[in-house]
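Structure first, then comments.
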Amino acid sequence: MAFRRAGTWLIREDALAPADTIVVLSGSMPARAERAAAIYRMDDAPEVWVSRPESSADNLAKVGVRYTGEEQYNREVLIHEGVPESAIHIFPDAIVDTEQEVQEVARQMRREHKTIVIIVTSPQHTRRVRALWRKIVGENPKLIVRAAWEDPFDSTHWWRNTRDTFSVVREMLGLLNVWLGLPVRPN
């Protein structure tokens with residue numbers, strides 16, 4: 001029975017509260033950017049930061065294919081959803097995984113003397129984001145994790161399709177890595 005509840009167990013969302021910034025983690029376009037824009041429109045934070053994932057843009061350019069990058073598409077979604085361009089900031093460095101995203105967010109928060117961040121991610125990713133934050137950052141700056149409910153993850157029937165099954169397995173392995181002290185490192 002616990003097996004069936006694994007998808008629901010992974011969801012660990014915090015109550016929304018005012019913060020210094022909202023962060024859109026990479027992945028699940030456009031769901032995460034849409035949710036971040038909705039939170040921004042509620043006046044819970046004055047700006048939105050966007051993660052820049054590692055991409056194939058350079059390799060594609062070599063063969064004449066233009067790829068602007070996930071961060072640019074997220075930026076466009078945010079603007080479309082009412083976030084002013086001046087309130088959107090894209091991280092300068094590319095990241096490989098969530099651990100690096102957490103490190104980058106915390107570094108930027110400390111650099112700018114910010115104390116509370118709202119991180120927007122997919123529902124099934126919320127528990128791992130919280131675990132990583134506690135392991136890497138601690139309690140300062142403070143984290144609020146919000147789920148992008150626009151993501152199509154089915155937490156109650158996750159075993160019925162490969163996308164959701166892979167998500168649950170990836171999150172469980174990711175949590176195990178956190179609990180074991182992060183022995184598995186990103187490329």
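The values are calculated or read from the model by the stated rules, or taken from the named source; none is laboratory data. Since this is a predicted model, take the numbers as computed values, not measurements. Heads up, the Cβs are rebuilt from the backbone with ideal geometry, glycines too, and the neighbour counts pull from every protein chain shown.
For every residue, the table says whether it meets (1) at pLDDT below 95; (2) β-branched (Val, Ile, Thr); (3) surrounded by 15 or more Cβ atoms within 10 Å (Cβ to Cβ).
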site: Glu70; (1), (2), (3): yes, no, yes
site: His80; (1), (2), (3): no, no, no
site: Thr126; (1), (2), (3): no, yes, yes
site: Arg130; (1), (2), (3): no, no, yes
site: Leu143; (1), (2), (3): no, no, yes
Candidate set: the stretch 95-121, residues that are under 16 Å from the mean Cα position of the chain (by Cα) and among the polar types (S, T, N, Q); chosen: the one farthest from Gly138 (Cα to Cα): Thr121
Give the stretch 154-187 a look and list any residue that's in a helix (DSSP H, G or I), over 15 Å from the mean Cα position of the chain (by Cα) and among the acidic types (Asp, Glu), or say none. Asp164
Pair list, Cβ under 9 Å, 6 or more apart: the stretch 2-19 residue on the phi > 0 side of the Ramachandran plot, other residue surrounded by 12 or more Cβ atoms within 10 Å (Cβ to Cβ): none
Among the residues of the stretch 38-81, count how many are without any contact (Cβ under 8 Å) to a residue 12 or more places away in the chain and among the basic types (Lys, Arg). 2
Can you list the helices (runs of 4 or more DSSP H) lying wholly within the stretch 50-153 that have 1 or more residues being under 18 Å from Glu13 (Cα atoms) and either hydroxyl-bearing (Ser, Thr, Tyr) or touching a Ser or Thr at 6+ places or on another chain (Cβ under 8 Å) (or both)? 98-111, 126-136
Quick one: which residue in Glu112, Glu150 is under 24 Å from Asp43 (Cβ atoms), at pLDDT below 95, surrounded by fewer than 19 Cβ atoms within 10 Å (Cβ to Cβ) and not basic (Lys, Arg)? Glu150
